[in-house]
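Scroll down for the structure; my scribbles are underneath it.
Rule-based calculations on the coordinates, nothing more; no lab input. Worth saying up front: this structure is predicted, and the values here are computed from it rather than measured. With ideal geometry, Cβ positions are generated from the backbone for all residues, glycine too; neighbour counts draw on all protein chains shown.
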Amino acid sequence: MMDLRARFPGSMAVLLALAAGAALADDAVVRAFLDRTEISAGEEITLSIEIAALSLDQAAPPDISRLEGFDVITGPSVSSRFQWINGRTSASRTYSYVLRPDGTGTLTIPALGVLVQGRTYRTRPITLTVNPPGTIRSPYAPPPVAGPQPGRSIPPSTPAPGTGRAAGAGADVRVRVEADARTVYVGQQVTVRFLLDTQTDILNLALKDNPTFPGFWAEEIKLPENLDMKRVQIGADSFVEYTLMKRALFPTSPGQQTIPPVTYQVQVRRRSSDPIESFFFTPTETVTRRSDPIAITVLPLPAESRPPGFSGAVGSFNVSLAADRTEARVNDAIGVKFRITGEGNLNAVTASPLPELNDFKQFAPKVNASTSLQADRFRGEKVWDYVLIPLAAGTQTIPPVAFTFFDPVARAYRTVRSEPVSIQVARGEGGVGPSLPSVSQSDVRLLRRDVHYLKLARGGLEDWSRPFHTSPVFMALILLPVVADLGAALYARRRDASTASTRLRRERRARRVARKRLNEARRRMSPATARAFYAAVAQALTGYVGDKFDASGAGLTHQRIEELLAAHGAPEEKRSAFHRCLEACDYARFAPSSSGPDEMRKALAAAEETLVGLERTLSA
């Protein structure tokens, strides 16, 4: 007959405990013990905390926050046992931790608290001797027993040395890191994958620390909700591999850079030799796994062949230059887009690539940047959106725009250029004067500086030798100033009275007229009438200044408006707000397609607030 003890070791342990144990009282008993009490430095020990009570429904895990001087390598692994004595049940549960001491000498594991049925129980302190490295391990020492009531004890179910380990499961789990390149240039992408290799079931995992990558610009590569899994062969062993995390790293400085280790806490299924425990429960263990650091050699960008226009972009890029139309009139707005696309990081490119153009008025561009991911490689796109106003008629050409970057594959600097853009510019409507050949500003050249002599008038000289004061003309000239002064005085008096009345009327109606113009702009608040909307808002702003200070609205420039507002005591912040509103209207009038209903509402609200603020300030 087969020996039952060999077939069911866990069951025989329960039967022995049933035979040897006495009936438990309502109080619980806790105790802590080590698999050894003397080790060498660098070795690991197993700390077990056992809880015995009638019921463990309200038993919490031990509090090991006071455990100092030890690194928790794995744990806790949990094992449970149940007893039935004379119709009464009792249970015991053991929490096991694998520890590694930080130093040598005599270390103490303090009393640890366990909460059972709302009551806190504490274990007895344990002394551990840590010898210098190379010392032979001491034999296993029996554990002390502790409980809230001295004298009470439970026959210990002493675990074998190493119980805190996963019975082989912990050794079958590893975390490692892979990089697609170990030598790169500054700004070149390094794709890093953090992998989990396992030969056992993974129940849960968590990242212990938030990873940091000093010396790198880090971009996250998002993973699917279900981790990628595949089978790999590492040496003679077969593993299941999970991809835990991906990062695209861009080195920011040359030299030897290090990708630091990343620590994960992994809950695995623990292999148990007790068939009863495996049948009723899922034995688990939480292990800590840490990846090894990786060294990355970062090469500096070549300095001797660096072009003057290099802005710091590293990768492979293309450029394009396009205008929204090829025919326009003088003073019409033209939208021009310069686009850079390719593989690499474009965050270093900040300067405006389009140079100043002599025959165009150029507004500050709007810059949009976006990134995408293709096969774990980051691709960037940056677009500069310009508004150009042609100033001269004829065929105007936007020259090719060059962009320089460093190609890490070719290990050289490369320059790509866009195609030139030609625009046929016609004379503007409402031109005054004869039709003359159009000459662009770039065609005007100063050739020389000559002295222009005065030409003598034709005819002879008149004789003025007779006394002039005896002539009637002299008397008329004497009386003429007197008559002219009298007439001028009367005219000036009437003109001043009329002007004062007109100025007063304009000043009084400045606010009312401005509000009327803003209401007209509000009725035109639609993308289809965006140009008319912004024109009405701009007219309300300039018209208010013209009416308030009796100036012509048609000749009010930004400089003249600034002089009038400053001369009449408008604060600087009010003047700045006024100019911002006016510039926004000018820009939107030239590029109405870039403004939507939200921008219109904001522009109208800003104009109303600015005019109200100026009215209060100037009327005070």
At R0 = 45 Å, FRET efficiency that the Cβ-Cβ distance of L115 and R325 yields, to 0.05: 0.05
Two-site label geometry, A402 and T617: point separation in nm, points 7 Å out along Cα→Cβ: 4.7 nm
Test of understanding: express the Cα radius of gyration of the range 297-373 as a ratio to 2.2 N^0.38 Å, with N the residue count. 1.41
Rounded to whole Hz and in sequence order, give me ³J(HN,Hα) for the range 44-49 from the Karplus expression 6.51 cos²θ - 1.76 cosθ + 1.60, θ = phi - 60°, writing x for Gly and Pro. 10, 10, 10, 9, 10, 10
Pairwise FRET efficiency - A303 versus H568, Cβ, R0 = 51 Å, nearest 0.05: 0.35
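Output the direction-averaged projected area (hull surface divided by four) of the convex hull of the alpha-carbon atoms of the range 198-265, in nm².
It is 6.2 nm².
Of all GluC sites (Glu not before Pro) in the range 190-243, which ones are in loop regions per DSSP and have a Cβ with at most 13 other Cβ atoms within 10 Å?
Working: sites: E219, E220, E225, E241; in loops: E225.
Of the GluC sites (Glu not before Pro), the ones in loops of the range 190-243 whose Cβ has at most 13 other Cβ atoms within 10 Å are E225.
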When only Cα pairs under 8 Å and 6 or more residues apart are kept, what is the percent relative contact order across the range 313-391? 38 percent
So how far, in whole Å, is the C-alpha centre of the range 332-385 from the one of the range 45-70? 61 Å
For the range 220-361, just say rounded, prolate or oblate: build the C-alpha gyration tensor, square-root its eigenvalues into a ≥ b ≥ c, call rounded for a/c under 1.5, and beyond that prolate if a/b exceeds b/c, oblate if not. prolate
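Which FRET efficiency, nearest 0.05, do L490 and H469 yield, Cβ-Cβ r, R0 25 Å? Could you put the intermediate results ahead of the total?
Numbers: r = 30 Å, r/R0 = 1.19.
Efficiency, rounded to the nearest 0.05: 0.25.
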